[in-house]
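These notes concern the structure reproduced below.
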Amino acid sequence: MYESTKEEFYKDCVMACLCEPASQGEGEDLLPVQDSLAYFFALKQTGQESYREKIEAMISEQEWTLDFLPFVTAYETSFNRKELYNEIVAYFRKKDGFTGTDLVALIETISQMSEEIYEYYRELKDLFKTVIKEKINHLPDSPEKLEIGYSILRACNMGVLQKEKYSGYGELVWNAIADNNDDNTCAGLQEMLKAQYTILKKQEV
C-alpha cells in the first residue's frame, strides 16, 4: 500500500511491526517467511545495518521453500551477484502443479529478479504465463481467486502480462471482493490486491 499511495501511515505500520519483539521462537528474532521482504524495505528506508544483519540471518537459517524464494531472489539480486538464480529457477521448473499461493510466490520471485540475467528471468516469465492461462479458466468462482487476481494485477503492473489482455481478469476479482466485503478472505492478500489495483488505475491516468 505504501508503494501504491506513498502515504507515510503505511510505511510507519511496517516499521512499527519490525520494532515489535517476536512472540515466540528461539535464537534470532526473525519475521515469518511471508513477511521477510520487509527487511529489504526497512534497509532501503533507513540504511541501518541491523536490517542487513536480519537479512543475513534469514538467508542462513531458513530452509528453501517456494514462499521463501522471493526473499532468496532479493538477496541474490542485492548482495550475492545473482549466483543462485539458476537454482531458484530450477526449483520452480521442477514444480508439478501450482496452487494460488505458489503463483503468488512465482510472481513475487520474478519481481525481485534482475532482467539483466535474461535467460532466467524469461524462463520464469514464460512459466508464469503458462500457469496463469490455466488459472484464468476457473475465474470468478475459484477458491483461489484472491491469489489469482493479485498475481494478474501484479504481473500487469510489472509488464509480465499485457494489461490490455489480462488486467480485466484482475479487476473482476477486485470488484467481486470489494462488492462482497467477504470476511472469509485473507486481509493481507486483499490489501495487496487493492494496492496493485490502485497502481494499475494510476498508470491509466
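Worth pointing out:
- Answer residue from the range 94-137, given it is closer than 26 Å to Glu171 by Cα, without any contact (Cβ under 8 Å) to a residue 24 or more places away in the chain and of a type in the set (Lys, Arg) and is surrounded by the fewest Cβ atoms within 10 Å (Cβ to Cβ) among those: Lys133
- The selection criterion, being surrounded by 14 or more Cβ atoms within 10 Å (Cβ to Cβ), under 17 Å from Met158 (Cβ atoms) and not hydrophobic (A, V, I, L, M, F, W, C), does not hold for Tyr91.
- Set side by side, the residues Tyr150, Tyr169, Tyr197, Tyr121 differ, and just one is more than 18 Å from the chain's Cα centre (by Cα), in a helix (DSSP H, G or I) and either closer than 16 Å to Ile107 by Cα or of a type outside the set (A, V, I, L, M, F, W, C) (or both), which is Tyr169.
- Test: residue in the range 38-54 that is among the aliphatic types (A, V, I, L, M), at pLDDT 95 or above and under 11 Å from Tyr75 (Cα atoms): no
- When each of Lys44, Lys54 is tested for being out of contact with any Ser or Thr (no Cβ under 6 Å at 6 or more places or on another chain), buried (at least 17 other Cβ atoms within 10 Å of the Cβ) and either of a type in the set (Ser, Thr, Tyr) or closer than 16 Å to Met15 by Cβ (or both), the lone residue that passes is Lys54.
- When Pro140 is tested against (1) over 24 Å from Gly97 (Cα atoms); (2) without any contact (Cβ under 8 Å) to a residue 60 or more places away in the chain, exactly one condition is not met: (1).
- The criterion of being farther than 24 Å from Ile148 by Cβ, over 15 Å from the mean Cα position of the chain (by Cα) and modelled with pLDDT of 95 or more does not hold for Arg93.
- Residue match in the range 169-181 (condition: farther than 25 Å from Gln203 by Cα and either without any contact (Cβ under 8 Å) to a residue 40 or more places away in the chain or surrounded by fewer than 22 Cβ atoms within 10 Å (Cβ to Cβ) (or both)): yes
- When restricted to residues that are among the small types (Gly, Ala, Ser) and in contact with an Asp or Glu (Cβ under 7 Å, 6 or more places away or on another chain), the range 97-127 contains 2.
- Near pairs, Cβ below 8 angstrom, 6+ apart or cross-chain, from the range 74-93 (over 19 Å from Ser36 (Cα atoms) and acidic (Asp, Glu)) to any residue that is at pLDDT 95 or above and crowded, with 19+ Cβ neighbours inside 10 Å: Glu83/Glu76
- Scanning the range 123-180 for residues that are under 21 Å from Glu191 (Cα atoms), among the hydroxyl-bearing types (Ser, Thr, Tyr) and at pLDDT 95 or above returns Tyr150, Ser151, Tyr166, Ser167, Tyr169.
- Being more than 15 Å from the chain's Cα centre (by Cα), modelled with pLDDT of 95 or more and among the β-branched types (Val, Ile, Thr) is a property that does not hold for Val72.
The values are calculated or read from the model by the stated rules, or taken from the named source; none is laboratory data. Given the structure is predicted, the values throughout are model-derived calculations rather than measurements. FYI the Cβ positions are ideal-geometry reconstructions off the backbone, even for glycines, and counts take in every protein chain you see.
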